[in-house]
Amino acid sequence: MAKRIICLFVAMFMLFIVLPSPAHGDDLADALARQRELQERLNEINRQINEIKDNVQKLAVMRDTHAERLNNVKEQIENLRIEIENTTLAIAEKQQELDEKQIELDYNIDQFARRLRTIYMSNDSSDMSVLLGSSSFSEFLVLGEYMRSISVRDTNLISEITEAKAEIEEMKKELEVSLIALEDLKAELDLKYEQLAALLREADSDLSQARAMQHAREDESEEILKEIARQNEYIAQLMSQPSDIEYVGGYFTWPVPGFGWISSGYGMRTLYGRANFHGGIDIAGRGIYGKSAIASNDGIVQKVIYGTTGYGYYVIVDHGGGYKTLYAHLSSIYVSEGDYLVQGTPVGAVGSTGNSTGPHLHFEIRIAGERVDPTSILQNRPSS
């Protein structure tokens with residue numbers, strides 16, 4: 001309960017800050033100054049939001065780049081893992097082939113020795129002793145009489161097995177070298193993967209922080225927009241109070257000479273899919289951008305605002321007797337607050353500032369604070 005009371009007190013306190021008491025004589029000037037201050041704050045925050053959005057976009061691209069590179073390295077590592085596994089299996093197969101060839105070679109050598117023993121038993125012992133005393137197998141093969149009795153099939157078979165074994169050993173060595181190279185490459189890729197993963201984590205963190213900052217600034221912008229809306233309402237209340245200036249008299253002339261087309265009239269309309277009340281008329285036409293909007297009648301410039309939302313750049317002229325005119329969405333303003341204008345004096349250039357869908361002049365006539373249909377009062381409207 002106490003917490004709710006505190007919150008209510010804070011809300012009321014903020015309300016009193018935003019909406020000054022109308023008891024002061026300089027309320028309107030203070031309100032306009034406050035509005036300009038709010039607009040400046042809003043412009044600065046929007047500038048920061050745009051910078052943050054650009055940074056978020058860059059960080060998102062960087063993050064996606066790191067993620068793509070990480071996935072590529074991950075695929076390379078997986079391919080290497082499969083290749084290492086296959087190479088290891090191939091080495092094991094070659095080793096098995098070597099073992100089988102060795103068994104085959106041992107068997108054939110044993111059979112060959114048995115045949116030699118038989119030959120030895122059936123021939124001269126002294127010659128056989130010389131033969132068996134050979135220092136090498138090749139010498140043994142080229143020695144005299146007993147070698148001719150060895151089977152050609154046996155020698156060819158042993159030679160083929162020996163050559164096959166040598167080839168297998170060579171293939172195994174090549175596979176082992178390849179395996180070492182693959183394992184080294186995988187180790188490099190594993191390190192690269194960890195580095196990229198760290199970069200991706202850092203990019204995710206930076207992107208998250210930037211987005212949080214963007215949301216915070218956007219929330220702040222929304223609050224200022226609400227405060228500006230409240231301030232505009234307060235200014236409208238002040239401006240609806242009776243003017244001390246006597247009505248200048250005369251008539252109100254069309255504010256944009258040469259352009260009579262009304263693109264959006266006074267009254268209810270649908271904008272952005274929603275029905276709303278349009279408190280003035282929008283004067284538009286080909287080539288209207290930059291053309292002069294003129295004072296519809298004699299009067300004193302009461303308000304000059306360079307806004308980025310709502311009316312954008314706009315001017316309010318007080319014609320006395322509660323009559324006021326508003327010229328909005330100007331691209332530039334030619335007058336200053338307090339200037340006395342005669343009918344036809346250029347107020348500013350037609351533009352598209354603020355909430356505008358294209359070049360036009362939003363024009364209002366207010367009587368005692370109430371907006372009325374300008375077409376019921378204006379004269380000298382050009383043909384469309």
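The values are calculated or read from the model by the stated rules, or taken from the named source; none is laboratory data. A quick note: this is a predicted structure, and the numbers were derived from the prediction, not measured. Cβ atoms come from the backbone with ideal geometry, glycine included; neighbour counts cover every protein chain shown.
Annotation note: of Leu196, Leu175, Leu191, the sole residue that is closer than 14 Å to His66 by Cβ, in the same structural domain as Asn71 (by TED's automatic domain parsing) and out of contact with any strand residue (DSSP E or B) (no Cβ under 9 Å at 6 or more places or on another chain) is Leu196.
Run down Ala210, Ala166 and say which single residue is small (Gly, Ala, Ser) and either outside the structural domain of Ile45 (by TED's automatic domain parsing) or at pLDDT 90 or above (or both). It would help to see each step written out before you state the result.
Values: Ala166 fails: either outside the structural domain of Ile45 (by TED's automatic domain parsing) or at pLDDT 90 or above (or both).
Criteria check complete, one pass: Ala210.
So in the range 250-292, with the set limited to residues that are among the β-branched types (Val, Ile, Thr) and out of contact with any helix residue (DSSP H, G or I) (no Cβ under 8 Å at 6 or more places or on another chain), which one is farthest from Asp373 (Cα to Cα)? Across the range 250-292, the extreme among qualifying residues is Ile288. You will find that of Val10, Val61, the residue that is at pLDDT below 70 and assigned to a helix (DSSP H, G or I) is Val10 and no other.
For the range 263-306, how many residues are modelled with pLDDT of 90 or more, out of contact with any strand residue (DSSP E or B) (no Cβ under 7 Å at 6 or more places or on another chain) and on the phi > 0 side of the Ramachandran plot? So the count comes out to 1. The single condition among (1) in a helix (DSSP H, G or I); (2) acidic (Asp, Glu); (3) modelled with pLDDT under 90 that Asp219 does not satisfy is (3).
Among what's in the range 222-252 and is under 30 Å from Pro382 (Cα atoms) and modelled with pLDDT of 90 or more, pick the residue that is nearest to the chain's Cα centre (by Cα). Step by step, filter the range 222-252, then rank; the result is Phe252. Checked against the criterion of being at pLDDT 80 or above, touching a Phe, Trp or Tyr at 6+ places or on another chain (Cβ under 8 Å) and assigned to a strand (DSSP E or B), the range 253-262 contains not a single residue that satisfies it. Taking the criterion of being modelled with pLDDT under 85 and β-branched (Val, Ile, Thr), no residue of the range 30-58 qualifies.
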